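I have placed the structure first, in the form of structure tokens, so that the comments after it can refer back to it.
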Amino acid sequence: MTNQGNAEKAKILIVDDDVLMCETLADIMQSLGYNAEYSTHLKDAKGKLEGAFYNILMVDLKLSDGNGIELLKYAKEINQETITIIITGYASLESSIAALNEGAFGYLQKPLNMEEVKIIINKALRMQQLSVENKELLEKLKELSLKDVETEVYNHRYLIERLNSELLRAKRYALSISLAMIDVDYFNSINDLYGHAYGDKILKELAKYLRQFVRGMDIVTRYGGEEFVIILPDTDKQSTIQFTERLLNDIENHMFDPENKKLKLKVSIGIANFPEDDPNISEAYGLIHLVEKAVILAKERGGARLVTLNGKEEAEKPSEGTHENIENLKQKLSKIEKRMHQTFLESIYAFAKTIEAKDYYTGEHCEHMVSLAVSIGKKLNLSEKEMEDLKHAAMLHDLGKIGIPDEILLKKGKLTDAEYDIIRKHPQIGAEIIRHIHFLKDVAPIVLYHHERFDGFGYCAGLKGKEIPLGARIIAIADVYQALTSDRPYRKAYSIEEALKIIKEGTGTQFDPEIVEVFFEIIKTEK
């Protein structure tokens with residue numbers, strides 16, 4: 001940066017008890033384009049420094065009411081960026097060293113050589129600019145060190161620092177603070193199907209969505225992988241529950257679409273609150289431990305839900321060789337098994353998601369199928385195990401379409417008999433894929449027989465009436481209803497009334513009359 005380039009902006013304060021020298025030097029500085037002012041007294045100079053920023057302070061070492069080093073120190077207290085140049089008529093080695101030790105940029109000896117003055121001012125302004133740029137760069141680097149590069153939200157380091165700070169404030173002023181952890185369900189399926197680069201784009205879009213959703217005082221951070229944590233200062237537990245319920249619902253209905261793949265996300269959310277969940281929490285990791293436990297519970301219960309802990313977590317205290325010790329061990333093993341099943345399901349669902357890439361209808365169809373099938377299962381009072389099997393079957397019932405050629409699956413015209421025969425194989429293909437998975441063994445028959453008819457004229461085995469597994473009879477109705485009310489490559493969607501009429505006409509022939517009755521009750525309630 002040149003002297004002339006800085007001239008219009010640089011402000012110079014000249015302080016000397018020689019009025020003539022001050023006026024002369026100020027005039028010269030003004031002629032060079034600087035904004036120059038002067039003062040002949042220490043007190044007046046201090047007032048000027050307090051009222052405005054000066055790039056350069058030129059001060060005589062000896063003043064009638066003080067000295068230049070005193071003003072130099074004062075200027076540094078007011079603003080570290082002000083550069084001080086000492087003017088003296090009796091420079092000695094000791095005085096020069098003293099001035100430099102106190103932070104003076106340099107000194108000029110009277111009588112002043114104007115070429116020397118120009119050079120030292122120009123150097124001072126260049127150094128000042130570099131100092132400012134370095135500070136800005138350091139601030140930017142500091143901010144970057146606290147931001148996650150991929151998602152542009154705050155990172156794990158910032159989360160811990162800020163949460164510790166917020167906890168101290170909450171304790172000091174008797175405030176509440178909540179934490180919400182958001183974990184994307186089945187994220188492996190996105191990476192497996194579309195690649196990790198696309199998965200990163202989804203996480204970036206989710207991070208942006210979270211920043212837009214939260215309140216101004218909330219802080220969104222990336223905890224790691226596909227997990228995000230939101231700090232909610234001054235927020236009690238009930239308010240946090242209401243907030244996260246809205247968030248869960250909004251995410252489920254939002255289309256994440258960075259590359260026109262029409263992707264919907266399911267998330268598990270855990271929340272924890274200080275002091276309601278544990279008034280003795282003293283550091284960030286205490287609250288994080290609680291919220292992690294809540295998310296794990298949400299995952300173990302199938303995901304796509306909100307979980308909050310009820311009160312303070314109690315530590316396990318098993319006694320060696322006791323009944324309690326055995327029960328605790330069983331519970332731990334059960335949890336490990338559930339997590340293994342969850343991980344395995346992510347891989348299976350990743351496989352199922354490949355169909356969505358081929359046939360968007362199928363992907364949307366599965367989402368609605370789960371909801372409808374589960375509603376029917378609840379009305380029929382199915383057990384927890386039967387409900388789990390039904391939910392998995394609803395998600396995986398069209399898994400076998402992975403083996404159907406695209407030209408048949410996406411054909412807009414009417415299928416030939418040969419093509420229809422190929423389509424009819426998809427229940428067998430799907431059942432074959434999952435039949436070796438032990439904990440899905442009861443799901444395979446539902447997938448295999450979901451196209452059977454109540455009158456025995458369906459496929460694949462021609463089962464009839466109650467010979468058809470209950471889950472398959474439920475899926476059959478939900479499947480047809482969703483197919484009728486969805487646009488297909490070869491026709492537009494039927495209206496709800498038209499679809500219900502078709503299902504009613506199929507009662508006793510295509511569908512189980514008892515399940516049809518329950519189905520109509522559900523649709524009536526929804527309407």
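The values are calculated or read from the model by the stated rules, or taken from the named source; none is laboratory data. Predicted model only: the values in this text are computed from it and were never measured. So basically every Cβ, Gly included, is an ideal-geometry build from the backbone, and we count neighbours across all protein chains shown.
Structural remarks
- So VAL480, is it in contact with a Leu (Cβ under 7 Å, 6 or more places away or on another chain) and either not β-branched (Val, Ile, Thr) or not in a loop (DSSP other than H, G, I, E, B) (or both): no
- Restricting ASP421, ASP389, ASP417, ASP398 to those that are within 26 Å of VAL443 (Cα to Cα) and surrounded by fewer than 16 Cβ atoms within 10 Å (Cβ to Cβ) reduces the list to ASP421.
- Output for the range 218-235, where each listed residue is touching an Asp or Glu at 6+ places or on another chain (Cβ under 7 Å) and not β-branched (Val, Ile, Thr): ARG222, GLU226, GLU227, LEU232, PRO233
- Candidate set: the range 78-98, residues that are within 11 Å of ASP60 (Cβ to Cβ) and touching a Phe, Trp or Tyr at 6+ places or on another chain (Cβ under 8 Å); chosen: the one modelled with the highest pLDDT: ILE85
- Residue, surrounded by the most Cβ atoms within 10 Å (Cβ to Cβ), within the range 33-47, restricted to residues that are of a type in the set (A, V, I, L, M, F, W, C) and either closer than 21 Å to VAL117 by Cα or modelled with pLDDT under 90 (or both): ALA45
- Matching option when the condition is surrounded by 15 or more Cβ atoms within 10 Å (Cβ to Cβ) and within 27 Å of GLN80 (Cα to Cα), among LEU159, LEU125, LEU137: LEU125
- The numbered conditions (1) outside any helix (DSSP H, G or I); (2) among the hydrophobic types (A, V, I, L, M, F, W, C); (3) farther than 30 Å from ASN55 by Cα are all true for LEU206 except (1).
- Options ASP442, ASP455: the member that is within 37 Å of the chain's Cα centre (by Cα), of a type outside the set (Phe, Trp, Tyr), outside any helix (DSSP H, G or I) and over 18 Å from LYS401 (Cα atoms): ASP442
- Which listed residue, of GLU521, GLU514, is touching a residue at least 40 places away in the same chain (Cβ under 8 Å), part of a helix (DSSP H, G or I) and loosely packed, with under 15 Cβ neighbours inside 10 Å: GLU521
- Filter result for PHE457 (aromatic (Phe, Trp, Tyr) and within 24 Å of LEU396 (Cβ to Cβ)): no
- Residue satisfying all of: in the range 250-289; touching a Gly at 6+ places or on another chain (Cβ under 9 Å) and surrounded by fewer than 23 Cβ atoms within 10 Å (Cβ to Cβ); modelled with the lowest pLDDT among these: LYS262
- LEU61 in contact (Cβ under 8 Å) with a residue 60 or more places away in the chain and not polar (S, T, N, Q): no
- Qualifying residue in the range 418-429 (condition: outside any helix (DSSP H, G or I) and either at pLDDT 90 or above or out of contact with any strand residue (DSSP E or B) (no Cβ under 6 Å at 6 or more places or on another chain) (or both)): yes
- Residue satisfying all of: in the range 215-230; hydrophobic (A, V, I, L, M, F, W, C) and at pLDDT below 95; surrounded by the most Cβ atoms within 10 Å (Cβ to Cβ) among these: ILE219
- Only listed residue being under 19 Å from HIS156 (Cα atoms) and assigned by TED's automatic domain parsing to the domain that holds ILE269, chosen from ILE251, ILE230: ILE230
- Residue in the range 41-60 that is assigned to a helix (DSSP H, G or I), within 12 Å of ILE12 (Cβ to Cβ) and out of contact with any helix residue (DSSP H, G or I) (no Cβ under 7 Å at 6 or more places or on another chain) present: yes
- Qualifying residue in the range 239-246 (condition: hydroxyl-bearing (Ser, Thr, Tyr) and outside any helix (DSSP H, G or I)): no
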